[in-house]
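Just so it is clear, none of the values below were taken in a lab; they were calculated from the coordinates. Because the structure is a prediction, the values reported are computed rather than measured. All Cβ positions, glycine included, derive from the backbone under ideal geometry; neighbour counts span all protein chains shown.
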Amino acid sequence: MPLCGASPPMSRLARDSLVNLVSRLAAVALGLALTLYTARLGTAQQGAFALFVAVESVLIALSSGFGVAIARELSHRRAQPGALVGATLLACLVLGLCAAGGLWAVSRQAGPGYATLAWLALAAPVLFLPGNLSGLWLGRGHMLGLTLLMLAPPTLTLAGIGVAHAAGVGGTLVAVLASWALARVAVGLGTAMAAWRGGWAGRPRWGALADQGRFVAVIGLTNLVSLLNYKADLFLVEHFMGLTPTGVYSIAVAVAELLWLISSAVTTAAYARIGAPDREAAIALTLRAMQGSVLLLVLISPVLWLAAALLVPPVLGEAYRPALPVLALLLPGVALFGAASALSAWFTNHAGRPQVPAALATLSLAINLVVSLLAIPRWGLMGGACATTLSYGVTMAVATVWFARAAGVPVSRVWRLDTAWRDWLVARSRRAAGRPDTP
């Protein structure tokens, strides 16, 4: 099977990946500024904020299937999903109102670590709109729209914190949460207005949504399970150890997951083309995205740890130094799991089999939960990191075999460096050495 000839030029994928990566780096820089601010409020405040963000992420993941369905209609079926977009708008509003009631109840009934969810309840009615309507830009491969959706929330949150300081009410977790909630409201309303004024939202037709019902449900459950796989150890650390250790652990997780900026950028840039009907080209591009992601993440991991060792204690405080050994255990698993986003895109957007990523995410979550329940009470934060890395490693081994069989390629081919990547790396090496591209 000729897996390389039909795929897009390496330069095009690299260019789009770079654009998306720069956008994500800007978003992460803003997010790190916010994390720095909350972390310096204290480890307990950082732990409470980490739980707040984790709950928000869980809710968004559960409802994210609508956006993937819209993107698939645009990239794979080449359809104009106006009726689906209109129905999605209404469905997201209804789900948001239900979530608001649930969050308010939880904030009143759960422990002190979850009292902050009352602020999230204020933004919940429009919370699900940006992530799902982003499928309009994702399915077309339009990086600018995706960039704006990434940068707007942290930018507006930081602006709100600045306003709070100017008004003399800054420097508290309440100011951060209020700014966060208001930013989510502004982005949600703005995204809905952009979809409506762009003519993408047609007359709602519930039949269009019902036709996608199973697909949307599977995607939502898959993303929920995947997100819980990333966050389960955080919730368990809070359960067993309290808010202060949770704040320390959340810093290690936040730094480790910076690696996924690269793999997510590659997959986002390639998403529309992975969903194209040409099977051979989609397989070739998926392999290229997987291999390139893991290669880059493995090379960057030691540099990231060293940077954290130099910066975290002096910038955030000595209370966060225990995050460094935890980070060292997390990085190998996070680097290997960087291939999961490209695999998920192929099964979901090209093959139309979202149940496969769902099964893999469930396997990883199950391993993570079982090992975390055993390891965290015994070894604390290190136990949570070991559980995460082990779950990622086992899941990627299973995923490799599953993809190879589904794509009809040998298992050894999955991780054998693609010809285009080899040629690109050799050319870059030769240019760096001041030699011509060809011998």
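Its Cα centre serving as origin, the chain has a Cβ charge dipole (Lys and Arg +1, Asp and Glu -1) of approximately 900 debye. Dividing the convex hull volume of the alpha-carbon atoms in the chain by its residue count gives 147 Å³ per residue. For the stretch 90-179, relative contact order (Cα pairs under 8 Å, six or more residues apart, normalised by length) works out to 24 percent. In a DSSP loop and with at most 12 other Cβ atoms within 10 Å, there are no chymotrypsin sites (Phe, Trp or Tyr not before Pro) in the stretch 128-200. Mean residue ellipticity, 222 nm, helices only, the chain: the sum of -39500 (n - 2.57) across DSSP H runs of n ≥ 4, divided by residue count and rounded to 500, is -26500 deg cm²/dmol.
Take each peptide in 217-223, 311-317, 295-301, count the other Cβ atoms within 10 Å of every residue, and average; sorted highest first, the result is 217-223, 295-301, 311-317. Residues Asp233, Asp278, arranged from fewest to most other Cβ atoms within 10 angstrom of their Cβ, appear as Asp278, Asp233. Using every pair of separate Cα atoms, the Kirkwood estimate puts the hydrodynamic radius of the stretch 230-312 at 15.1 angstrom. Highest-first packing order for the peptide set 143-152, 47-56 is 47-56, 143-152, based on the mean count of other beta carbon atoms within 10 Å.
When you count the other C-beta atoms within 10 angstrom of each residue and take the mean per peptide, 37-43, 396-402 line up highest first as 37-43, 396-402. Under the criterion of Cα pairs below 8 Å and six or more residues apart, the relative contact order for the stretch 10-423 equals 22 percent. Across all directions, the shadow cast by the convex hull of the stretch 321-374 built on its C-alpha atoms averages 4.5 square nanometres. Relative contact order for the stretch 54-208: 34 percent, from Cα pairs under 8 Å spaced at least 6 residues apart, divided by residue count.
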